[in-house]
1. Within the range 229-253, track down each residue that is under 25 Å from residue 326 (Cβ atoms) and in a loop (DSSP other than H, G, I, E, B).
2. Would you mention how many residues in the range 254-274 are closer than 15 Å to residue 226 by Cα and not in a loop (DSSP other than H, G, I, E, B)?
3. Select from the range 82-112 the residues that are over 24 Å from residue 323 (Cα atoms) and touching a strand residue (DSSP E or B) at 6+ places or on another chain (Cβ under 8 Å) and list them in ascending order.
4. Starting from the range 237-252, keep only residues that are in the same structural domain as residue 224 (by TED's automatic domain parsing) and over 20 Å from residue 291 (Cα atoms), then list their pairs with residues that are exposed (fewer than 14 other Cβ atoms within 10 Å of the Cβ) and modelled with pLDDT of 85 or more whose Cβ atoms are within a distance under 8 Å, requiring at least 6 positions of separation or different chains.
5. All but one of (1) buried (at least 18 other Cβ atoms within 10 Å of the Cβ); (2) at pLDDT 90 or above hold for residue 167, so report the exception by its number.
6. Restricting to the range 300-337, name every residue that is crowded, with 20+ Cβ neighbours inside 10 Å and out of contact with any helix residue (DSSP H, G or I) (no Cβ under 9 Å at 6 or more places or on another chain).
7. Is one or more of the residues making up the range 313-322 over 26 Å from the mean Cα position of the chain (by Cα) and modelled with pLDDT under 95?
8. Given the conditions (1) modelled with pLDDT of 80 or more; (2) assigned to a loop (DSSP other than H, G, I, E, B); (3) within 24 Å of the chain's Cα centre (by Cα); (4) surrounded by fewer than 18 Cβ atoms within 10 Å (Cβ to Cβ), and given that residue 111 satisfies all but one, which numbered condition is not satisfied?
């Protein structure tokens, strides 16, 4: 009797377990499609590539570049589990294909962003969205399901950068967009999105997020799932808005609470990702929330778009020409009347 071959231990067990399920599902679909396809040489070849990837998993060589024996980038494997080489060892044709795919991903992600200068009754909103690379793991959205529904603004940050983070960003965007049409409460919206996100993301990935429902009377109901603390900019200065829950993806049954702010006319609420607060200068000093609050306090009379521009430029000056190491997003919501 032939003994069963046991898979070799993986260096990335969580990632490979998820990708194994994806590969097995793809193999089942290919096997079902091949007998009914009139011409199936491409499907047969793809099935062979899937089987080869599963064999590499069993042999303990999955995720190892066949050219240099280094590790293949996690982002690439999450986007394409059939990858066999790292970026440095791609052929010229493969590089062109990758560049086309990244450009398409960039265009798709840009298409998911809201109007950069939206007006919501007595409110105005502006934001800046700057990926560290071609695509971003930051999540930025404005949802107004119907004319009589309360608009919801969202700003979040997926762990990591690059393609994998951008895929989870798109997943989060679709989740909130679908749930917002049937969910009125901010806390219920975040709680439901958390459960969906837990089902579709790796255990090693999570998302911090601020979700705010903007009322016509100056009230903003804010639910903060472990994100950078929003800043309330008013005539009396700048105050921080505390976090109210854990990041999305940590516990599927996590409960979320909210707090309601009352903004006076000309007050603003500023949301941002850690690409702002955790930017570094060449001396490895961190930009920090205190510097951001001081800047906002001195510029609080500016319109949202101008205030966003001041933040972006100040972070750039602080870096003193140093490379951007993280995705950067900043959003300003201002009560006009």
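The values are calculated or read from the model by the stated rules, or taken from the named source; none is laboratory data. Given the structure is predicted, the values throughout are model-derived calculations rather than measurements. Virtual Cβ from ideal backbone geometry, glycine too; neighbours counted across all protein chains shown.
1. Those that are under 25 Å from residue 326 (Cβ atoms) and in a loop (DSSP other than H, G, I, E, B): 229, 230, 241, 242, 243, 244, 246, 247, 249, 250.
2. Total satisfying the criteria: 4.
3. If the condition is that a residue be over 24 Å from residue 323 (Cα atoms) and touching a strand residue (DSSP E or B) at 6+ places or on another chain (Cβ under 8 Å), then 112 is the only one that fits.
4. 244/257; 244/259; 245/257
5. Result: residue 167 fails condition (2) only.
6. 304, 308, 335
7. So far as the range 313-322 goes, yes, one or more of its residues are over 26 Å from the mean Cα position of the chain (by Cα) and modelled with pLDDT under 95.
8. Evaluating residue 111 over (1) modelled with pLDDT of 80 or more; (2) assigned to a loop (DSSP other than H, G, I, E, B); (3) within 24 Å of the chain's Cα centre (by Cα); (4) surrounded by fewer than 18 Cβ atoms within 10 Å (Cβ to Cβ) leaves (2) as the failure.
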